[in-house]
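Working notes, structure below.
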Amino acid sequence: MTKAFEIIAAPRTKAIEILKELSIDQLNTIPAGFNNNIIWNAGHMIAAQQGICYKRAGLDTIVGEEFFNTFKPGTKPERIFDTTEVENIISLFSTTLTQLEADLQTDMFSNYPAWVTRYGAELTSVAEAVAFLPFHEGLHIGTIVAMRKLVG
């Protein structure tokens, strides 16, 4: 499963570069035609990974409920995110992947239920969920790259 994690980590590294190059105002700007911003998309990538892998398996998230509820699917930015929160998201890009990779070495996902994503992909195991993550994160990296041009 190491290759899957390399594939997930590469775009996250690109996202980190973008987060570090933009101001807090740029990260929080919601461009015309959008209902979210760059920092929300970054946080959402982490929350979605937590939901797809942990929540679906009936487990607690690594990031905690407040973080998860702020960035879960169906949410949008309700406030301005500060520098500390941006730094936390940057850290979580790495730590959540490291923890997921370690957790996959245990049997904690043995009760993973089958479900169909909003994109029509049926996932029947946590391994399939991990395989789905690059698709989902790719959507949000694309949005972040597009938004960078609009807020820069």
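When the helices (runs of 4 or more DSSP H) confined to the stretch 29-131 are screened for residues that are of a type in the set (D, E), those reaching at least 3 such residues are found at 83-103. Checking each residue in the stretch 132-144 for being under 13 Å from T13 (Cα atoms) and either in contact with a strand residue (DSSP E or B) (Cβ under 8 Å, 6 or more places away or on another chain) or among the aliphatic types (A, V, I, L, M) (or both) picks out I141, I144. The numbered conditions (1) within 20 Å of G142 (Cα to Cα); (2) modelled with pLDDT of 95 or more; (3) buried (at least 17 other Cβ atoms within 10 Å of the Cβ) are all true for Y54 except (1). Among the residues of the stretch 14-25, those that are surrounded by fewer than 18 Cβ atoms within 10 Å (Cβ to Cβ) and either aliphatic (A, V, I, L, M) or under 15 Å from V145 (Cβ atoms) (or both) comprise K14, I16, E17, K20, E21, I24. Condition check for A114 on (1) touching a residue at least 60 places away in the same chain (Cβ under 8 Å); (2) in contact with a strand residue (DSSP E or B) (Cβ under 8 Å, 6 or more places away or on another chain); (3) not charged (D, E, K, R): one failure, at (1).
Could we say that V86 is of a type outside the set (G, A, S), touching a Ser or Thr at 6+ places or on another chain (Cβ under 8 Å) and surrounded by 19 or more Cβ atoms within 10 Å (Cβ to Cβ) here?
Working: of a type outside the set (G, A, S): yes; touching a Ser or Thr at 6+ places or on another chain (Cβ under 8 Å): no; surrounded by 19 or more Cβ atoms within 10 Å (Cβ to Cβ): yes.
No.
Take F93 and tell me if it is among the aromatic types (F, W, Y), farther than 13 Å from A42 by Cβ, modelled with pLDDT of 95 or more and within 14 Å of the chain's Cα centre (by Cα). For F93, the condition - among the aromatic types (F, W, Y), farther than 13 Å from A42 by Cβ, modelled with pLDDT of 95 or more and within 14 Å of the chain's Cα centre (by Cα) - is not met.
The values are calculated or read from the model by the stated rules, or taken from the named source; none is laboratory data. On a predicted model such as this, the values are computed, not experimentally measured, just so you know. Don't worry about glycine lacking a Cβ; one is built from the backbone with ideal geometry, like all the others, and counts go over all protein chains shown.
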